[in-house]
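Everything on this sheet refers to the single structure shown next.
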Amino acid sequence: MQIHYFQRYHSKENVDTSNTMLMLSRLYNYNADKFFSMLNSLILGEDESPEITFDLQVVGDDSVPDAVISQKSFKIVVETKLYNQFYKQQLVNHLEQFGAEDIKVLLTLDPKPMKPQLFDELAVELRKYNSENATRLIHPIKHVNLTFEQLVDAMEDIVDDRDTEIIAVLDDFKKYCFDEKLIPDGYKWMRAIVAGTTFQDNMDLDLFYDQESHNFSEHGYIGLYKDKSIRAIGKLKKTIIAVENNGSMTYRAESGAEPTADEIERINEAIRRADHYGYNLQTISHRYFIVEKFYPMDFRKSSKNPIQKSKFFNLADMFGYKTMPNTDVIANDLNGRTWEEF
């Protein structure tokens, strides 16, 4: 019977926060040096350290002692959300938690990265707050946004095979994060979508589009389905919402970084080509799935009926991937197979 170090069977985000703090405290108690190494690189910044320092012959105003042992003070205020439902005013209110600490960090933690617009708006509020309270704070507050996956990865980076005691605890915390969807596994899934008429455009432009009003489940890869076979696969890079507004096109990052000039041009080209098919991609808001690159393959459906709209495949389960390989490797693994083999 497996031993669990972290409580399960709940639905409240404060328990997720409690378990995360428990994991960090266990790591600190196990090896403070490794804990601070992780904390410095991930949260505090490489140029800042709360670790104890040993200095010789430190010149003071009226004396020169033989040595000084000192430590920077630091404070990390944590706000955890489960569905990226951060509220700017709540985060701004949290800034009042800080005082005269040398290092001050507002840490936001969520299964997914904070939405770019809110991240930028909070940065503006933070600069304003630091400026208006410079005398009281002395040292400015900074904001760090992390996913649970980034936190787990950072902790795994500083432990090795000899750390058997903490590895068991960390493994259970990681399993807890997977079980509670704090580390979403959507990145393992391929969503096969009927391409049909636009197949060649999708291949040329490395994107797929659909109306924004159409919902979809999380996935990491897109498969282009045509003539009873998935003909290409691409790793999803970001999604962009585009629509005409007051006579000009607007482009908004829904997930991932802001749209680049190249991505906007590819979207515009898709709009131009769609016009030949009678598709309205301008006044009706569309979601553009931008992939790194579509790789051709032939993953055939051998049974009788074609798919109607889309179908999901767990690539990690199909091939036993421990970590997801490059997309061209996945394409090669799928090529020449049939769905019924899995």
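The values are calculated or read from the model by the stated rules, or taken from the named source; none is laboratory data. Worth saying up front: this structure is predicted, and the values here are computed from it rather than measured. Because the Cβ atoms are built from the backbone with ideal geometry, glycine has one as well, and the counts that use them run over all protein chains shown.
For this structure, a couple of remarks:
- Among the conditions (1) over 26 Å from Ser255 (Cβ atoms); (2) free of Cβ contacts under 8 Å to residues at least 24 places away in the same chain; (3) polar (S, T, N, Q), Asn326 misses just one, which is (1).
- Looking across segment 207-225, the residues that are buried (at least 18 other Cβ atoms within 10 Å of the Cβ) and touching a helix residue (DSSP H, G or I) at 6+ places or on another chain (Cβ under 8 Å) come down to Leu207, Phe208, Tyr209, His219, Gly220, Tyr221, Leu224.
- Single residue of segment 12-23 satisfying the filter (free of Cβ contacts under 8 Å to residues at least 12 places away in the same chain and not hydroxyl-bearing (Ser, Thr, Tyr)) that is farthest from Tyr83 (Cα to Cα): Val15
- Taken over segment 79-123, the residue count meeting the criterion of being under 13 Å from the mean Cα position of the chain (by Cα) and either touching a residue at least 40 places away in the same chain (Cβ under 8 Å) or more than 22 Å from Glu258 (Cα to Cα) (or both) is 5.
- Here is the figure for segment 190-208: residues that are at pLDDT 95 or above and outside any helix (DSSP H, G or I) total 3.
- Residues that are surrounded by 18 or more Cβ atoms within 10 Å (Cβ to Cβ), of a type in the set (A, V, I, L, M, F, W, C) and either in contact with a Ser or Thr (Cβ under 9 Å, 6 or more places away or on another chain) or closer than 22 Å to Ser217 by Cα (or both), drawn from segment 159-188: Phe173, Cys177, Leu182, Ile183
- Restricted to helices (runs of 4 or more DSSP H) entirely inside segment 84-177, those with at least 1 residues that are in contact with a Leu (Cβ under 7 Å, 6 or more places away or on another chain) are 88-94, 116-132, 148-157.
- Test: Asp153 is touching a strand residue (DSSP E or B) at 6+ places or on another chain (Cβ under 7 Å) and either among the charged types (D, E, K, R) or at pLDDT 90 or above (or both): no
- Residue check, Gly223 of a type in the set (Gly, Ala, Ser) and over 20 Å from the mean Cα position of the chain (by Cα): yes
- Qualifying residue in segment 95-115 (condition: surrounded by 12 or more Cβ atoms within 10 Å (Cβ to Cβ), out of contact with any strand residue (DSSP E or B) (no Cβ under 7 Å at 6 or more places or on another chain) and farther than 13 Å from Ile141 by Cβ): yes
- Qualifying residue in segment 229-237 (condition: surrounded by fewer than 14 Cβ atoms within 10 Å (Cβ to Cβ), farther than 23 Å from Lys181 by Cα and not assigned by TED's automatic domain parsing to the domain that holds Asn84): no
- Odd one out for Phe199 among (1) over 30 Å from Asn31 (Cβ atoms); (2) in contact (Cβ under 8 Å) with a residue 60 or more places away in the chain: (2)
Let's see how each residue does on (1) modelled with pLDDT under 95; (2) surrounded by fewer than 16 Cβ atoms within 10 Å (Cβ to Cβ); (3) out of contact with any strand residue (DSSP E or B) (no Cβ under 9 Å at 6 or more places or on another chain); (4) aromatic (Phe, Trp, Tyr):
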{"position": "Tyr295", "(1), (2), (3), (4)": "no, no, no, yes"}
{"position": "Ser302", "(1), (2), (3), (4)": "yes, yes, no, no"}
{"position": "Ile307", "(1), (2), (3), (4)": "yes, yes, no, no"}
{"position": "Asp317", "(1), (2), (3), (4)": "yes, yes, yes, no"}
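Results for (1) out of contact with any Leu (no Cβ under 7 Å at 6 or more places or on another chain); (2) modelled with pLDDT under 70; (3) surrounded by fewer than 13 Cβ atoms within 10 Å (Cβ to Cβ); (4) of a type in the set (Phe, Trp, Tyr), shown as yes or no for each residue.
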position	(1), (2), (3), (4)
Tyr5	yes, yes, no, yes
Tyr9	yes, yes, yes, yes
Asp16	no, no, no, no
Met21	yes, no, yes, no
Phe35	no, no, no, yes
Asn40	yes, no, no, no
Glu46	yes, yes, yes, no
Val58	yes, yes, yes, no
